[in-house]
Amino acid sequence: MSERLSVTETGLSRRKMLLATGATGLSAFAGCSTGGTPSDTESEPTESTEATTVAAHSSPDLEKWIDEVPRPGVAEPAGTKDGHPYYEIEMSEVEQKLHSDLPETTVWGYGGQFPGPTIEAERGEPVSVRWQNDLPDEHFLPVDTTVHGDMIPYDTTGVRTVTHLHGGNVESESDGHAGAWFTSDFEETGPEFEKKDYYYANEQPSATLWYHDHAVGITRLNVYAGLAGFYLLRSDHERSLGLPDDENEIPLVLQDRSFNEDGSLFYPSAVSEDRGGDDSHPDPSIVPEFYGDVPVVNGKAWPRLSVDPERYRLRLLNGSNSRYYDLELLEYDEASGETGGAGPSFVQIGNDGGLLSEPVTVDGRLEIGAGQRADVVVDFDDYAGETLLLYNDAPSLYRGTPEKSEETKPLPEIMLVDVADESDGEGAGTVPDALTTVPELPLEDVERHRHLTLAPGSDEYGRTKHLLGNREQSEGYTLDDPVTEEPELGMTEIWSLANNTSMSHPMHLHLVHFQVLGRQSLADYDSSEDGVDPDALESPAPYELGWNDVVSVDPAEVVHLIVHFGEYEGLFNDQTGEYMWHCHMIEHEDYDMMRPFNVLPNSEGESDDE
């Protein structure tokens, strides 16, 4: 795939050596398992109705590969507003079959379904959405009222929600700020709430965006309950490329869940003992991370996907709470359950922010951190009549490599792909050699270098938490500390993210899309020095080129980003106001690995691009 995941015959790559020497102090975590015998590092599973920790819980033994992957419905506008499409999408509690052998599961969905209906928007054509909260008065998952207890009115009647368009270059009033929450029928609202109808300008490249809940302190619970969906931004240019479309274009959201015997969702209410849990913790308690033991794709557990021997465009989204995926397609013998040789390659044509300049054939596994998207084309033509397995080799506690240890467990089998014997020859599509023009953000335009840290921490109960800091306070700030990052509209900046923790973090910036300059060892990094030498950095992986809104930062490494705030060469639009940047492992985001940043008007009164 790239140097950052490669192993030579003589030993570890430079990056893996950094991980081996720099990642220390992470206590063991025993993940779930579906059936089988627990390893020596795990607690013996208890009955699922009594389990409170992930290590003590196992989902019921479900038959794999019996349900077809559904395709999310498409949202229809309720009318128009100011001459543009207007949507009314309610959040409600529904009962949905997530597996044929399970009773119906209580989930929360947008538009009455999990995942929510896909919004299909057109570049340059704004839309407005009223996200209507019709949820019950109480949450059905365990709420820890000690999380930001001084900020959140936990005695409020009704569940707090607010929807964030992830990847949207939008006004701050419509961004889904964590403090802009509201309860049913907007009866109560958070301190950052400003408007009922959100406005999305869609003045950005066509891309695979998605929407999900972002309410402060309970995002992990609301998203796990089901509040997420696709937002596909399309354009005439993209259509002119002749990429696979219609039935040969499939959005796939990959998630992990755990179930109780009655079909209900299991989410831990206590910290596992091997993660520092003890009787002094609150009950229920937030957990450091969540890793489920059942793969769920588009709302179906252990599913299979039927395709013809043609090219398909798969819009992959990692919608899991914490889990990383390292994906590849393998030949699979369903009778024996054994994998064979390599299947077709992923040809990546786009990532978070839209199309790459040219297609990239992924040599090996495709890494996708929580919140990231990978727009890929797969040619099944040579695999007519065969069965393939979408295989994941990432361990639960991810450190930038697929290598596993006794303390971590992957969720290897994600989805089966059944390739038909014959094709009707229609809709296969092509992959042109050139996809789009991605303008480069030049280093000579940089006016500010921000040195930012990912820092380990703990709370008054001794529970693990993670924080975000800067050069002035590298050990990190809390969410409610005053804003410390205030870029100006029209400015280009370097953001250097230094990971002082012992696990990988998928870092997400709201509003903007950035370009990855490269990586270096934390040991070689001097936060007192401004500026970077690109020749001294490990180059970004090919699939990280173009526009990104999430980047993985592995232990003991620094990732350097170049960011422009505002319109750039006809792309994006000028916005000011308060936004968020955070880790997209949602348990981390909920408990202080999230900070506001404020985009100020240009001090000279205009954007540099004017």
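If you check Ser357, Ser336, Ser280 for being without any contact (Cβ under 8 Å) to a residue 24 or more places away in the chain and either out of contact with any Asp or Glu (no Cβ under 9 Å at 6 or more places or on another chain) or of a type in the set (Lys, Arg) (or both), only one passes: Ser336. Of the listed requirements (1) assigned to a loop (DSSP other than H, G, I, E, B); (2) under 20 Å from the mean Cα position of the chain (by Cα); (3) among the charged types (D, E, K, R), Asp424 misses just one: (2). Does Asp363 satisfy the condition of being surrounded by fewer than 20 Cβ atoms within 10 Å (Cβ to Cβ), at pLDDT below 95, out of contact with any Gly (no Cβ under 9 Å at 6 or more places or on another chain) and in a loop (DSSP other than H, G, I, E, B)? Considered against the rule, which asks whether it is surrounded by fewer than 20 Cβ atoms within 10 Å (Cβ to Cβ), at pLDDT below 95, out of contact with any Gly (no Cβ under 9 Å at 6 or more places or on another chain) and in a loop (DSSP other than H, G, I, E, B), Asp363 comes out as yes. Considering region 131-173, and only residues there that are small (Gly, Ala, Ser) and surrounded by 24 or more Cβ atoms within 10 Å (Cβ to Cβ), the residue that is farthest from Glu187 (Cα to Cα) turns out to be Gly167. Of the residues screened, Arg313 is one that is closer than 27 Å to Tyr87 by Cα, in contact (Cβ under 8 Å) with a residue 60 or more places away in the chain and surrounded by fewer than 24 Cβ atoms within 10 Å (Cβ to Cβ). The residues listed here are Ala523, Ala536; of these, the one that is over 24 Å from Asp213 (Cβ atoms) and free of Cβ contacts under 8 Å to residues at least 60 places away in the same chain is Ala536.
Within region 457-500, the only residue that satisfies the criterion of being buried (at least 18 other Cβ atoms within 10 Å of the Cβ), without any contact (Cβ under 8 Å) to a residue 60 or more places away in the chain and not in a strand (DSSP E or B) is Asn500. Looking for something at pLDDT 95 or above, outside the structural domain of Leu397 (by TED's automatic domain parsing) and farther than 22 Å from Gly353 by Cβ - is there at least one such residue anywhere in region 510-520? Yes, region 510-520 contains a residue that is at pLDDT 95 or above, outside the structural domain of Leu397 (by TED's automatic domain parsing) and farther than 22 Å from Gly353 by Cβ.
Looking only at residues of region 142-182 that are in a helix (DSSP H, G or I) and touching an Asp or Glu at 6+ places or on another chain (Cβ under 6 Å), we find that the one that is farthest from Pro601 (Cα to Cα) is Glu173. Criterion applied to Ala394, Ala370 was being hydrophobic (A, V, I, L, M, F, W, C), modelled with pLDDT of 95 or more, surrounded by 24 or more Cβ atoms within 10 Å (Cβ to Cβ) and part of a loop (DSSP other than H, G, I, E, B), and the one residue passing it is Ala370. The residues of region 52-100 that are of a type in the set (Asp, Glu) and either surrounded by 15 or more Cβ atoms within 10 Å (Cβ to Cβ) or part of a strand (DSSP E or B) (or both), listed by number, are Asp67, Glu68, Glu88, Glu90, Glu93, Glu95. Within region 547-574, residues that are over 18 Å from Ile368 (Cα atoms) and not assigned by TED's automatic domain parsing to the domain that holds Tyr398 sit with their Cβ atoms under 7 Å from residues that are charged (D, E, K, R) and modelled with pLDDT under 95, at 6+ positions apart or across chains, in these pairs: Gly566/Asp609; Glu567/Asp609; Tyr568/Asp609.
With respect to Phe290, is the statement that it is under 20 Å from the mean Cα position of the chain (by Cα) and in the same structural domain as Leu102 (by TED's automatic domain parsing) true? It is false that Phe290 is under 20 Å from the mean Cα position of the chain (by Cα) and in the same structural domain as Leu102 (by TED's automatic domain parsing).
Do we have Tyr477 as among the aromatic types (Phe, Trp, Tyr) and either touching a Leu at 6+ places or on another chain (Cβ under 9 Å) or closer than 30 Å to Val360 by Cα (or both) here? Here the answer is yes, as Tyr477 does meet what is asked.
Inside region 183-208, residues that are outside any strand (DSSP E or B), under 18 Å from Phe572 (Cα atoms) and in contact with a helix residue (DSSP H, G or I) (Cβ under 6 Å, 6 or more places away or on another chain) make up a count of 1.
Residues checked against (1) crowded, with 24+ Cβ neighbours inside 10 Å; (2) aromatic (Phe, Trp, Tyr); (3) part of a loop (DSSP other than H, G, I, E, B):
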{"position": "Trp210", "(1), (2), (3)": "yes, yes, no"}
{"position": "Ala215", "(1), (2), (3)": "yes, no, yes"}
{"position": "Val223", "(1), (2), (3)": "no, no, no"}
{"position": "Phe230", "(1), (2), (3)": "yes, yes, no"}
{"position": "Leu243", "(1), (2), (3)": "no, no, yes"}
{"position": "Ser269", "(1), (2), (3)": "no, no, yes"}
{"position": "Ser285", "(1), (2), (3)": "no, no, yes"}
{"position": "Phe290", "(1), (2), (3)": "yes, yes, yes"}
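Among the residues of region 174-187, the ones that are over 17 Å from Pro126 (Cβ atoms), crowded, with 24+ Cβ neighbours inside 10 Å and out of contact with any Lys or Arg (no Cβ under 7 Å at 6 or more places or on another chain) come to 3 in all.
The values are calculated or read from the model by the stated rules, or taken from the named source; none is laboratory data. Model, not experiment: these values are computed from the prediction. A quick note on method: Cβ atoms are made from the backbone with ideal geometry, for glycine too, and the neighbour counts reach across all protein chains shown.
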